[in-house]
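The structure under discussion appears below in the form of structure tokens.
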Amino acid sequence: MKKLILIVLITILSEISVFSQTPQERYAEALKSYSEENYATAAEQLQYLYNEGYTNFEVCYNLGNAYYKTKDVASAILYYERAKQIKPNNNDVNHNIEVANKLTIDKIETIPEMFYTRWWNSFTYIFTPKTWIIINVVLLGLFLLVISSIILSKKVYRKKVCIWISLVLLLLFIVITCVCVTCNAKYDKNDQAIVFTQTRVAKSSPTESSIDLFVVHRGTKVRINDKVGDWIEIVLSNGKQGWIKEADVQII
């Protein structure tokens, strides 16, 4: 009986110790577990942080690494993609996504984007949406400052220079506003997902009795085009469309 009480007390104390840890301490402990090749433990510790709302780039990226080491490719891709949403142009995360995708069953060719679409997407990914908004606010402030200089200035030459500067600032403000709208639309959509069911047959309509179209496997990235009840219409990178259950995927 004494041994049982002792075990219970040790368990309670260990639980109290775990919950009393700060996020920084838990993150450091997760990195320590990873460096000691205890990848499953590291994944569990980082997943706890993510579930508690600590969804920054470092947590997502290292969570992807931990899952990759445990050979859970689908979870690795999910968190790499979530890290990419925070830092789209990060070379490490983009490389790891490419490596992880080579381990998935589905090898789907991507429809090439038009050059202007590719250029625009690359441009919008230079900074995060928050940074673009800050840039836009600064441009607006400069524009208003130059306009006030035009109004207050009495010299014709200075007025002309300020008018040209204001036009440039206005043009930049319009362009960056478009970038902000594009970025916010991308982040608000939540239409990208990773298939988590081992094998799923996509249907021609949101019913089990409909025609089988194609098969998707765990780890495949899809875009959600529509939703009916607990069914979602997915679009593959090659343009194929079909219906699967919402429970088959995890939203990026």
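Suppose R0 equals 45 Å; then what is the FRET efficiency for residue 241 and residue 167 from their Cβ-Cβ distance, rounded to the nearest 0.05? Mind dumping the intermediate values first?
Values: r = 45 Å, r/R0 = 1.00.
In this case the efficiency is close to 0.50.
Run the numbers on the chain and let me know its relative contact order in percent, using alpha-carbon pairs under 8 Å that are six or more apart.
Values: 323 pairs, mean separation 37.5, N = 252.
After rounding, I find 15 percent.
Report the GluC sites (Glu not before Pro) located in the stretch 13-103 that are in a DSSP loop and have at most 13 other Cβ atoms inside 10 Å of their Cβ, or state none.
Numbers: sites: 15, 25, 29, 36, 37, 44, 52, 58, 81, 98; in loops: 36, 37, 52.
Within the stretch 13-103, the qualifying GluC sites (Glu not before Pro) (loop, at most 13 other Cβ atoms within 10 Å) are 36, 37, 52.
Provide the net charge surrounding residue 196, with neighbours chosen by a C-beta distance below 12 Å and charges set as Lys +1, Arg +1, Asp -1, Glu -1.
Values: positive: 200, 218, 221, 245; negative: 72, 246, 248.
Once all neighbours under 12 Å are counted, the net charge is +1.
Enter the angle in degrees (range 0 to 90, nearest 10) between the Cα long axis of helix 91-101 and the first principal axis of the Cα atoms of the chain, meaning the one along which they spread out most.
50 degrees
Any idea what the relative contact order of the stretch 91-204 is, in percent, if you count C-alpha pairs under 8 Å spaced at least 6 apart? Show your work: numbers first, answer last.
Details: 41 pairs, mean separation 31.5, N = 114.
In percent, rounded to a whole number, it is 28.
Determine the gain in length on full extension of the stretch residue 157-residue 214; use 0.36 nm per residue of separation and subtract their C-alpha separation, reporting nm with one decimal.
Working: separation 57, 0.36 × 57 = 20.52 nm, distance 6.84 nm.
Once the chain is fully extended between residue 157 and residue 214, it gains 13.7 nm.
Suppose the chain between residue 116 and residue 205 were pulled fully straight at 0.36 nm per residue; how much longer would it get relative to their current alpha carbon spacing?
On the way: separation 89, 0.36 × 89 = 32.04 nm, distance 3.37 nm.
Working it through step by step, the gained length comes to 28.7 nm.
Compute the signed sum of charges (Lys and Arg +1, Asp and Glu -1) over the other residues within less than 10 Å, Cβ to Cβ, of residue 221. Write out the running numbers ahead of the final one.
Details: positive: 223; negative: 81, 106.
For residues surrounding residue 221, the net value is -1.
Could you list 118, 26 in order of exposure, starting from the residue whose Cβ has the fewest other Cβ atoms within 10 Å?
Values: 118 11, 26 18.
Fewest-to-most ranking of 118, 26: 118, 26.
How long is the gain from residue 131 to residue 98 if the chain were fully straight, where each residue apart is worth 0.36 nm and the alpha carbon distance is subtracted?
Details: separation 33, 0.36 × 33 = 11.88 nm, distance 2.65 nm.
Difference between extended and current length: 9.2 nm.
Most exposed first by the Cβ proxy, i.e. fewest other Cβ within 10 Å, how do 31, 49, 78, 152 rank?
Ascending Cβ contact count within 10 Å gives the list 152, 31, 49, 78.
To make sure I understand, if each residue's beta carbon is the centre and we count other beta carbons within 10 Å, what order do 203, 186, 160 fall in, fewest to most? Write down the numbers at each step before the final one.
Numbers: 203 20, 186 17, 160 12.
Going from sparsest to densest Cβ surroundings: 160, 186, 203.
Residue by residue, what Karplus-based ³J(HN,Hα) values in Hz, rounded to whole numbers, does the stretch 57-71 have, using 6.51, -1.76 and 1.60 with θ = phi - 60° and x for Gly and Pro?
These are the phi-based 3J(HN,Hα) values: 4, 4, 5, 4, 5, 6, 5, x, 4, 5, 5, 4, 5, 8, 6 Hz.
Restricting to DSSP H runs of at least four residues, report the calculated mean residue ellipticity at 222 nm for the chain, -39500 (n - 2.57) per run over all residues, nearest 500 deg cm²/dmol.
On the way: 9 runs with 150 residues, N = 252.
The helix-only estimate for the chain comes to -20000 deg cm²/dmol at 222 nm.
Could you tally the net charge around residue 206, taking each other residue with its Cβ under 11 Å from the Cβ of residue 206, Lys/Arg +1 and Asp/Glu -1? Present the calculation step by step, with values, prior to reporting the outcome.
Values: positive: 203, 227, 245; negative: 208, 226, 230, 233, 246.
Neighbour charge sum, excluding residue 206 itself: -2.
Which cross-chain or sequence-distant (5 or more) residues have an amide H under 5 Å from the amide H of residue 252, H modelled 1.01 Å from N in plane?
Residues meeting the criterion, in which the H sits 1.01 Å from N, are 192, 193, 194.
Here, each number is a calculation from the coordinates, and none is a lab measurement. All of these numbers come straight from a predicted model, not from anything done at the bench. Every residue, glycine among them, receives a Cβ derived from its backbone with ideal geometry; neighbour counts consider all protein chains shown.
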